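Reviewing the structure listed below.
The values are calculated or read from the model by the stated rules, or taken from the named source; none is laboratory data. Every value quoted in this text rests on a predicted model; they were computed, and no experiment measured them. Note that we place each Cβ from the backbone using ideal geometry, even for glycine, and neighbour counts take in every protein chain shown.
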Amino acid sequence: MKKTTILYEGKAKKIFNTDDKDLLIAEFKDSLTAFDGKKKDLELGKGALNNKISTELFKLLNKNGVQTHFVDMIDDNNMLHKRCDTILIEVIVRNIATGSLSKNFGIKDGTILPFTLVEFDYKNDKLGDPKLNDQHALLLGLVSDQKELDILRQKAREINDILKPYFKNIGLNLVDFKLEFGKDKDGNIILIDELSPDNCRFWDIDTGESLDKDRFRQGIGGVKLAYEEVLKRILK
């Protein structure tokens, strides 16, 4: 399968058309961005790490009955996946309070939540990805009806129920993560985008060390080493 024309370029990936109208190729980039693109840098090898991590996690979810857009990893930086119509809602799943949840609501950083929190953000960079409630999503026409919002929440919880114990088994707390969904050619809502330290927070269970993009956000350094450690544990 070969790339033809470029369809879209985002912060972390370039998406290309192929000679099959139902398939696209995602090229994972080495760029790092944070704070709505205000902070930028380059980390050589990061794209390949995210592609490999996402591949393994998509395979895991597919094996456990979660439909994803993943088809195959072509090479280190390129993934073949199904063409989908993106639902412009970022689904945030939280198990432990940190980041904006702690900042906005005064919940102590590191607090284990009494239940898994699922939030919606409007996927719109120009507006700063604002928070959505169900009525906002319906008003903006981001989904067809309430049932689709319920499906997004249900699928997010199903994914969390698979990934949370999986990561615990390899010594990582799955603190929170961002999911994106789309509709395939048959109208099914399936998981798309990626699953990597770019859009998941991982804390080492024993040390509490952050092994994700927070190392870049907070200027800690060691971003590539952290991503390599996550991949190493996944491949054990």
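Those residues that are surrounded by fewer than 17 Cβ atoms within 10 Å (Cβ to Cβ) and in contact with a Leu (Cβ under 8 Å, 6 or more places away or on another chain), I need them from region 44-55; list them, please. Of everything in region 44-55, nothing turns out to be surrounded by fewer than 17 Cβ atoms within 10 Å (Cβ to Cβ) and in contact with a Leu (Cβ under 8 Å, 6 or more places away or on another chain). A count restricted to region 180-222 and to residues that are under 20 Å from Leu57 (Cβ atoms) and either among the charged types (D, E, K, R) or in the same structural domain as Phe70 (by TED's automatic domain parsing) (or both) stands at 11. Selection of strands (runs of 3 or more DSSP E) fully inside region 157-236 by the criterion of at least 2 residues being of a type in the set (Lys, Arg) and surrounded by 15 or more Cβ atoms within 10 Å (Cβ to Cβ) returns 172-183. Considered as a group, the residues in region 90-121 that are of a type in the set (Ser, Thr, Tyr) and surrounded by fewer than 19 Cβ atoms within 10 Å (Cβ to Cβ) include one that is nearest to Phe216 (Cα to Cα), and that residue is Ser100. Just to be sure before I move on: is Asp76 in contact with a helix residue (DSSP H, G or I) (Cβ under 8 Å, 6 or more places away or on another chain) and either at positive phi or surrounded by fewer than 17 Cβ atoms within 10 Å (Cβ to Cβ) (or both) in the structure I sent? Considered against the rule, which asks whether it is in contact with a helix residue (DSSP H, G or I) (Cβ under 8 Å, 6 or more places away or on another chain) and either at positive phi or surrounded by fewer than 17 Cβ atoms within 10 Å (Cβ to Cβ) (or both), Asp76 comes out as yes. Filtering region 70-92 for residues that are modelled with pLDDT of 95 or more, among the charged types (D, E, K, R) and within 23 Å of Leu174 (Cα to Cα) leaves a non-empty set. Residues in region 1-31 that are part of a loop (DSSP other than H, G, I, E, B) and surrounded by fewer than 16 Cβ atoms within 10 Å (Cβ to Cβ): Met1, Lys2, Gly10, Lys11, Asp19, Asp20, Lys21, Asp22. If you filter region 122-149 down to residues that are free of Cβ contacts under 8 Å to residues at least 12 places away in the same chain, within 25 Å of Asn104 (Cα to Cα) and not aliphatic (A, V, I, L, M), you find that the one that is surrounded by the fewest Cβ atoms within 10 Å (Cβ to Cβ) is Lys126.
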